[in-house]
Amino acid sequence: MIKRIPNYLTILRILLVPIFVALFYWGGEARTYAATAVFAVAAITDWADGYLARRYQGVSPFGTFLDPVADKIMVVTALILIASSREMPPLLAGILISVIVGREITVSALREWMAELGERKKVAVSWLGKAKATTQMLAILLLVYREPLLGLSARTLGIVLLVIAAFMTLWSMLGYLRAAWPSLMAHGVDLDKES
């Protein structure tokens, strides 16, 4: 039973998405506190499901597939909501979100390709990827919360952290591409014929 908990937590994270959206658009205190709390719970389950899966040997093909999907759904949804609410300048929001989402698409495709080659371990999650994810989660929490935090502007802190996360996003993506490049070239990737 305990081995199934990580998968339940992953499913819970997906189920929290529409609740988060509803609370975000509800506005007022509901957004400030309830939406922030829901996103915080999602972030905690993201850490907890991975920890429990490793701790109790509960890693499964289903969980391995669904966990990153759940993460991306929650993060991308939150970023779109933040951009639509104009919590930051539209141009800056557009650039940062394009970088973050573009990286996720690129790395997901890269991991799928490397799995086909039997070399997925070369692009396993790195310490930088984990640091990026943590910084990104904190940035989103602050941008959803909005209220002053210990006398500081949560909005400003959130924007600064999201900018840092975007740089880390590019840095980690380049690291994955560098690790995968020899394998891609060795298997005859023809860049002119790719669609």
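Summary table below
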{"quantity": "Matching residues in region 37-51 - criterion: being among the hydroxyl-bearing types (Ser, Thr, Tyr) and open to solvent by less than 60 Å² (accessible area, probe 1.4 Å)", "calculated": "Thr45"}
{"quantity": "Check on Val69, within 11 Å of the chain's Cα centre (by Cα), buried (at least 17 other Cβ atoms within 10 Å of the Cβ) and closer than 23 Å to Leu16 by Cβ", "calculated": "no"}
{"quantity": "Total residues in region 72-113, condition open to solvent by 60 Å² or more (accessible area, probe 1.4 Å) and assigned to a helix (DSSP H, G or I)", "calculated": "10"}
{"quantity": "Out of Met137, Met168, sole residue that is closer than 18 Å to Ser98 by Cβ and either touching a residue at least 40 places away in the same chain (Cβ under 8 Å) or of a type outside the set (Ser, Thr, Tyr) (or both)", "calculated": "Met168"}
{"quantity": "Some residue of region 52-62 being modelled with pLDDT of 85 or more and surrounded by fewer than 14 Cβ atoms within 10 Å (Cβ to Cβ)", "calculated": "no"}
{"quantity": "Every pair of residues 6+ apart whose Cβ atoms lie under 8 Å, when the first sits in region 21-36 and is surrounded by fewer than 16 Cβ atoms within 10 Å (Cβ to Cβ) while the second is basic (Lys, Arg)", "calculated": "Tyr25/Arg31"}
{"quantity": "Selection status of Glu29, more than 12 Å from the chain's Cα centre (by Cα) and among the acidic types (Asp, Glu)", "calculated": "yes"}
{"quantity": "Extreme residue, least open to solvent (accessible area, probe 1.4 Å), among residues of region 114-154 that are hydrophobic (A, V, I, L, M, F, W, C), closer than 20 Å to Ser183 by Cβ and out of contact with any Lys or Arg (no Cβ under 9 Å at 6 or more places or on another chain)", "calculated": "Leu128"}
{"quantity": "Condition check for Val189: at pLDDT 90 or above and surrounded by fewer than 15 Cβ atoms within 10 Å (Cβ to Cβ)", "calculated": "no"}
{"quantity": "Qualifying position, being farther than 18 Å from Ile82 by Cβ, surrounded by fewer than 16 Cβ atoms within 10 Å (Cβ to Cβ) and at pLDDT 90 or above, among Leu170, Leu174", "calculated": "Leu170"}
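The values are calculated or read from the model by the stated rules, or taken from the named source; none is laboratory data. Treat the numbers as computed from the prediction; the structure is a model and nothing was measured. Every residue, glycine as well, gets a Cβ built from its backbone with ideal geometry; the counts of neighbours run over all protein chains shown. These accessible areas exclude ligands, DNA and RNA; they are computed on the full protein's heavy atoms, side chains included. Shrake-Rupley method; radii C 1.70, N 1.55, O 1.52, S 1.80 Å.
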